[in-house]
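These notes concern the structure reproduced below.
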Amino acid sequence: MSHKTPKHFETVAITAGQEFDPTTGSIIPPVYMTSTFVQDGIGGLRGGYEYTRGGNPTRTSLETLLASLEGGKHGLSFASGLAAEDALLRSVLVPGDHVILGNDVYGGTHRLINRIFGRWGVTNETVEMTDLNAVQKALAATPTKILWLETPSNPMMKISDIAELAELGHAAGALVVVDNTFASPYLQQPLSFGADVVVHSTTKYLGGHSDVLGGALVLNDDEVHDAVRFQQFAGGAVSAPMDAWLTVRGIKTLPVRMDRHSANAQAIAEHLVGHAALDAVYYPGLTTHPGHELARRQMKHFGGMLSLSFKGGAKAARKFAESMELFQLAESLGGVESLVNYPAEMTHASVRGTKLEVPDNIIRLSVGIENVTDLIADLDAALPRR
Ligand SMILES: *Cc1c(COP(=O)(O)O)cnc(C)c1O
């Protein structure tokens with residue numbers, strides 16, 4: 001029974017941390033909806049669990065699964081993506097430390113580092129991560145504790161080179177963190193390119209059904225892990241058992257969903273490129289995208305996110321966003337249903353007036369797994385006539 005051949009991603013997504021319940025044979029491990037655990041005498045813990053903030057079997061099953069998917073040693077799950085980021089930052093930074101961020105990281109990441117950690121004496125600067133010289137210069141200019149990047153980036157879909165950036169970051173003594181939310185571990189595994197920590201908003205593709213918030217960290221280093229594990233327990237922003245269970249349930253179909261998200265987005269990008277109403281279609285699966293070759297090396301497929309730039313400016317972009325039927329106007333991404341977002345006033349409102357501001361003629365699409373012909377018809381009907 002002990003065939004130890006390494007399993008493929010699709011198999012891991014269904015099996016890692018998912019042993020059936022030994023008492024009843026229930027194929028799905030139960031949701032441990034409990035805050036505390038009875039002890040057999042003082043300190044006599046059954047299975048090591050004491051109180052759910054410190055650990056819960058349903059959360060453990062998700063954390064085991066997350067670590068396996070990213071090919072990492074340790075997985076930690078949190079109440080949201082930002083809670084995961086916050087726990088990591090608190091574990092690593094002290095007042096006076098400096099963080100270098102990509103200039104189009106998730107707006108909430110910038111807000112957290114700039115406005116919350118800024119008050120505790122942490123400084124930051126934003127750099128164009130596709131420009132390795134600029135990154136090297138910034139690292140040389142200021143001792144840096146964390147180099148934080150996101151690829152593909154949001155919403156401009158820029159691709160940055162994880163392996164090169166990890167090398168530059170390490171040469172400067174920085175911890176290299178990659179927010180892998182847009183790609184998901186099925187399409188891209190940053191630890192394999194040398195990154196130190198992977199961050200996820202599991203709210204997006206990992207959960208995949210727009211019904212639960214969550215966040216995760218995956219890493220290999222034992223010392224950083226111990227610090228973050230302590231922060232998770234002491235700060236308390238853990239994922240609740242039902243949230244962890246829903247996320248596990250979503251992850252089982254991650255590979256089939258990502259294949260379809262990617263195929264649909266590719267077809268839509270190819271259909272829209274050159275449309276008379278648009279200046280540009282930003283999608284790394286287009287051979288004309290400046291990061292296309294790099295994305296081919298770094299990713300399995302190109303993902304389900306794309307952005308459009310409207311010739312008619314903010315007015316045309318807003319009208320488009322408000323006139324679709326299948327693509328619903330909402331923040332967030334990565335669910336089975338297609339969404340349209342106007343970054344300037346929705347997801348990226350918090351970075352208005354900063355260097356991270358998004359042009360007001362940009363529309364971001366999260367392409368779902370519906371029938372692609374229906375999606376294209378919806379887009380065509382909403383676009384200004386050619
Ligand atoms: C949504 C998102 C986050 C934040 O995650 P929450 O679950 O909303 O807290 C972080 N990074 C990226 C890229 C995201 O899309």
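The values are calculated or read from the model by the stated rules, or taken from the named source; none is laboratory data. This is a predicted model, so every value here is computed, not measured. Ideal geometry is used to build each Cβ from the backbone, glycine not excepted, and the neighbour counts take in all protein chains shown. For the accessible areas, the whole protein counts, side chains as well, though only heavy atoms, and no ligand, DNA or RNA atoms are used. Shrake-Rupley method; radii C 1.70, N 1.55, O 1.52, S 1.80 Å.
Observations on the structure shown:
- Residue satisfying condition, being surrounded by fewer than 20 Cβ atoms within 10 Å (Cβ to Cβ) and among the hydrophobic types (A, V, I, L, M, F, W, C), within set V38, V105: V38
- Residue within segment 56-65 that is in contact with an Asp or Glu (Cβ under 8 Å, 6 or more places away or on another chain) and either open to solvent by 60 Å² or more (accessible area, probe 1.4 Å) or over 25 Å from I146 (Cα atoms) (or both) present: no
- Subset of segment 74-92 (residues that are touching a strand residue (DSSP E or B) at 6+ places or on another chain (Cβ under 7 Å), more than 22 Å from R352 (Cβ to Cβ) and either within 15 Å of the ligand (Cβ to nearest atom) or open to solvent by 10 Å² or more (accessible area, probe 1.4 Å) (or both)): H74, L76, S77, F78, A79, S80, A83, A84, A87, L88, V92
- Yes/no for M305 being open to solvent by less than 10 Å² (accessible area, probe 1.4 Å), at pLDDT 95 or above and within 27 Å of L165 (Cβ to Cβ): yes
- Which numbered condition L149 fails, given (1) surrounded by 23 or more Cβ atoms within 10 Å (Cβ to Cβ); (2) away from the ligand (no atom under 16 Å from the Cβ): (2)
- Evaluation of S160 against (1) in contact with a Ser or Thr (Cβ under 7 Å, 6 or more places away or on another chain); (2) open to solvent by 30 Å² or more (accessible area, probe 1.4 Å); (3) within 16 Å of the ligand (Cβ to nearest atom); (4) polar (S, T, N, Q) (one fails), failing number: (2)
- Test: residue in segment 203-220 that is assigned by TED's automatic domain parsing to the domain that holds R53, more than 16 Å from the ligand (Cβ to nearest atom) and either at negative phi or more than 13 Å from the chain's Cα centre (by Cα) (or both): yes
- In segment 308-350, the residues that are within 23 Å of the chain's Cα centre (by Cα), open to solvent by less than 50 Å² (accessible area, probe 1.4 Å) and under 21 Å from A377 (Cβ atoms): L308, F327, A330, G335, V336, S338, L339, V340, N341
- Those helices (runs of 4 or more DSSP H) of segment 63-142 in which at least 1 residues are among the hydrophobic types (A, V, I, L, M, F, W, C) and at negative phi, considering only elements entirely within it, cover 81-92, 132-141.
- Test set (1) touching a residue at least 60 places away in the same chain (Cβ under 8 Å); (2) over 22 Å from A381 (Cα atoms) - H275 fails condition number: (2)
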